[in-house]
Amino acid sequence: MFNVSTDENSSLAAFAGTLNQILEQASELASELGDDFARYVIDFDQVCQRLGEGRFHLAVLGQFKRGKSTLLNALLGDDLLPTDILPVTAIPTFIKSGDEVGAAVYFLNREKPERFSADGEKSLAAFLSEYVTEAGNPHNRLLVRRVEISHPAQLLKQGVVLVDTPGVGSTLKHNTEVAHQILPECDAALFLVSPDPPITEMELEYLEQIKQQLPRTFYLLNKVDFLDPQEQKSSLLFLSDQLRRFYDSAPQVMPISARKGLQARLAGDMDGWNKSGMQLVERNLIDFFAREKQQVLLQALGQRTGDLLNDMEMQLKLCLSALQLPVAELQEKLDQFRSTLPDVEREQLAAEDILAGDLKRVVEKLSSATEGVRERAKQKILQQVEGLLESVEDAEEMERRVQQTVAGEIEQFFAPAMQRTAELVQQEASAVLTANQKQSDKLIEQVRRTAAELFDIPYHAPVGSKSYRQLEAPAWSSDLFISDMDPLGQTLSRKLFSKKFRRRRTVKRLREESRKLVNQNVAQIHSALHKSLEKSFRAFGAELREQLEKTISATRKAMELALQRSEAHSQAHAARELLLQQSMQKLLRLKESLTQ
């Protein structure tokens, strides 16, 4: 992801100025190149406009019916957006600062938008329902492109634009598609989950894309007012565990009731606002806007600019190639390139086999390490338990002291044990994946060299060294294996059994339960790290294959498109070729300025 230095505010201001110049020059350059590059003019101008206005797009994302519109209404302090039980249509809604409440609906088939008038009989929610809900506008038959709302909420006066998105996972397939397509227009996100049901696999897949494209995501667990304290704790723990796969440690999850928060906000009830969890969300957002908003915005816009420049560079090279090579020669080079691909594919399959074998060997090291943890846990914890079983005569006192000892020692021992084992496995995995990375780099460079010799259109593939992801080692969880060790209870046992029998029974049960807890925690370490290893290796292998496939695909498509253009334009166009070459030099200088 594109990075922006945060050493000083002045450095951010300087980068913003540089980025603005790059965008203006890139737009002018694309305009000079004519209709083939017209779309770049629009794209560069849009990014430049967002930079100039300092507009920060904060999206509310999540699955259908998680409560996204209710959350937005709570943040605005206004019952503004429709919260129907049916899915909304696939239309993003942008809420920006304004002196008064207003709205404009923009269409695909007409220039003039439909505007909301506060003087009319309809409420804004009723007005919007005609365009953004399935009841009012089924399957978007009105061809609505987007909706913009203005509102005087204090939150929006900091240059923030809230984005209400269609939810993923509804019965409307296009909603899910738009939810993915809107991400490039966003800078950060509030990701909303609720316990009805817990986070789904579709949402986790959506989060993979969000994590790649957005620098900052806040996580909210909504509808906690329907849970009792223990259910809320369990839901938070489950969601945190699911999110660990995306981070080195579990991110903060804020439990909220958007419904209760909206009610409190409308009633001016600050105590209710605090109890709903919305005050914590608001405080986190205000702190984020004060400290990080500019950095994240510049990071997102810089990334977008870099992507546009790379895309435009490839388009320029295609146009140049079409003018420079004879059709027959170009076809011959394309055939030669295609003939080299079977050998590359065989080498790639061999590399995948090596990677699978390396994973198996690292897992064996993990198993050996966790067995070592088990033996140390026996010496550290179970020996203390045995001492208590031998020395304490009273069964109830024994029960209490063993529970106290195990509860304290389990967390004290296994939390650092998880960390040490993770570091050991990380070191082993890093060594083997680095070797695999080097081998993959050689294969990619082989394809590039072949393409360079045949046809000079180099492709900007991702840098090889950035492909390896660090092992996502989860933290040890103290909540997984909690037991009172005595389902029957000492009070009932005292009524049913003799003191001697009760002690013998208690000793046997506590010994078995203590061993079980130790084994469960060892298994937790092995299972968690094993899953992290498999995920890291799988992602690593997929990224290497993607790098290679992109290199091959981009080179082949470049040749095919150039061939089509050469056949259509057999006459030499010296002036056009000169313009393209000059534009290429300007573009490369802009790219260099962006990375400095």
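What ranking do 233-241, 57-65 get when scored by the average of other Cβ atoms within 10 Å per residue, highest first?
Peptide ranking by packing, descending: 57-65, 233-241.
Using +1 on the beta carbon of Lys and Arg, -1 on that of Asp and Glu, and nothing else charged, what's the dipole of segment 55-276 about the Cα centre, debye to 20?
For this selection, approximately 300 debye.
At 1.4 Å probe size, with the rest of the protein present, what percent of the exposed accessible area of segment 185-237 is carbon and sulfur atoms?
Of all accessible area on segment 185-237, carbon and sulfur atoms account for 52 percent.
Can you sort Thr70, Thr93 by 1.4 Å-probe accessible area, starting with the largest?
Heavy-atom accessible area, descending, gives Thr70, Thr93.
Starting from the Cα of Asp307, step 7 Å along the direction of its Cβ; do the same at Glu100; then give the gap between the two resulting points in nm.
3.9 nm
Given H placed 1.01 Å from N in the peptide plane, which residues other than close sequence neighbours of Gly159 have an amide H under 5 Å from its amide H?
Answer set, sorted by chain and number: none.
Would you pull out the residues with amide H under 5 Å of Phe218's amide H, same chain only if 5 or more places away, H placed 1.01 Å from N?
The answer is Ala189, Leu190, Phe191.
Please compute the Kirkwood hydrodynamic radius over segment 55-276, one decimal place, Å, based on all pairs of different Cα atoms.
With all distinct Cα pairs of segment 55-276 included, I get 18.0 Å.
If only Cα atoms are counted, what is the Rg of segment 216-258, and what is its Dmax, in Å?
10.6, 31
Please list log₁₀ I(q)/I(0) at q = 0.26 Å⁻¹ for segment 58-145, using the Debye equation with identical point scatterers on the alpha-carbon positions.
Log10 I(q)/I(0), no solvent term: -1.64.
Checking the cross-link filter: which aspartates and glutamates have an alpha carbon closer than 13 Å to that of Lys586, excluding same-chain neighbours under 8 positions apart?
Partners within reach: Glu24, Glu28, Glu32, Glu313.
Straight distance only, please: which aspartates and glutamates reach the Cα of Lys112 with their own Cα at less than 15 Å, same-chain residues fewer than 8 apart left out?
Excluding near neighbours in sequence, the set is Glu148.
Which peptide among 33-40, 219-226 comes first, and what is the full order, when sorted by highest mean count of other Cβ atoms within 10 Å?
Final packing ranking: 219-226, 33-40.
The values are calculated or read from the model by the stated rules, or taken from the named source; none is laboratory data. Here the structure is a predicted model, which means the values were calculated and not measured. All Cβ positions, even for glycine, are placed from backbone atoms using ideal geometry, and neighbour counts span all protein chains on display. We work out accessible area using only protein heavy atoms, side chains counted, and drop any ligands, DNA or RNA first. Shrake-Rupley method; radii C 1.70, N 1.55, O 1.52, S 1.80 Å.
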